[in-house]
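Before any comments, here is the structure.
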Amino acid sequence: MKAFKAAIILLGRPGSGKDTQAELLAKKFSLTHIISSKLIKTALKGKSAKVEKEHRLQESGFLVSSGFVSALVMARIKSLASRGKGIIMSGSPRTMVELKDELPLLKKLYGKGAYFFHIAISPKEVYIRNLKRQRKDFPELDTRKIIKKRLAVFNRETLPVIKYLRTKKIIFNINGEQPIAKIHKDILKIIASLL
């Protein structure tokens, strides 16, 4: 499909398939996939005290600081938008602080072409998927203890983002416990109805 300048944002519990769907959509629409975890991982290679603190947070299963993530993500969004590129993000904004930073920027740069999706899976499914997967980038995050902590963090930090976007009627709920192809088809159907 022809590239288009849009921003697609996928939110969901750990293991909900955000990155899988993001890669499929990025390929279909020629979008650049902004992966906040990769931006964070690159940034955490630094040696400053601030970076060390953020690294310790992540290794404990907590979110790195919202301001730290927002700065990384917003710089990447601005860079890509300035070159006329469409983007897809998986997992960001993760907190209300990040949303308050990123939403105005997305609206300014992409207008009505900013689409939010919540790929919904149950907490039980989170354990099944995360304990089964063999991640190369962050294998330390896929233990029962860390998954429990990450779910608690999701409920406390990211669920309010999804609820807020629902009140504004700017997020679409997708059943994430379907086959990958069906989830993809459901997202495409919604996007087609909005274009």
State which residue pairs qualify: first residue within 11 Å of ALA81 (Cβ to Cβ) and inside the range 95-120, second residue charged (D, E, K, R) and outside any helix (DSSP H, G or I) in any location, beta carbons under 9 Å apart, and separation of 6 or more residues or different chains.
LEU109/LYS5; TYR110/LYS5; GLY113/LYS5
Scan the range 2-38 for residues that are surrounded by fewer than 20 Cβ atoms within 10 Å (Cβ to Cβ), part of a strand (DSSP E or B) and more than 11 Å from the chain's Cα centre (by Cα) and jot them down.
THR32
Does the range 147-164 include one or more residues that are in contact with an Asp or Glu (Cβ under 9 Å, 6 or more places away or on another chain) and at pLDDT 95 or above?
yes
Just to be sure, is ARG166 out of contact with any Phe, Trp or Tyr (no Cβ under 8 Å at 6 or more places or on another chain), basic (Lys, Arg) and farther than 21 Å from THR32 by Cα?
yes
Counting only residues that are closer than 17 Å to LYS18 by Cβ and polar (S, T, N, Q), which one in the range 35-78 is modelled with the highest pLDDT?
SER36
Scanning the range 141-161 residue by residue, the ones that are in contact (Cβ under 8 Å) with a residue 40 or more places away in the chain and not in a helix (DSSP H, G or I) total 0
Residue ID - farthest from SER92 (Cα to Cα), chosen from residues in the range 165-176 that are touching a strand residue (DSSP E or B) at 6+ places or on another chain (Cβ under 9 Å) and assigned to a helix (DSSP H, G or I)
ARG166
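Residue by residue, here is whether (1) crowded, with 18+ Cβ neighbours inside 10 Å; (2) of a type in the set (Phe, Trp, Tyr); (3) within 20 Å of THR32 (Cα to Cα) holds:
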residue	(1), (2), (3)
GLY86	yes, no, yes
SER90	yes, no, yes
PRO104	no, no, yes
LYS107	no, no, yes
PHE116	yes, yes, yes
THR143	no, no, no
ARG156	no, no, no
LYS182	no, no, no
LYS189	no, no, no
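The values are calculated or read from the model by the stated rules, or taken from the named source; none is laboratory data. Computed from a predicted model, the values in this text were never measured in an experiment. Cβ: placed from backbone, ideal geometry, glycine included. Neighbour counts: every protein chain shown.
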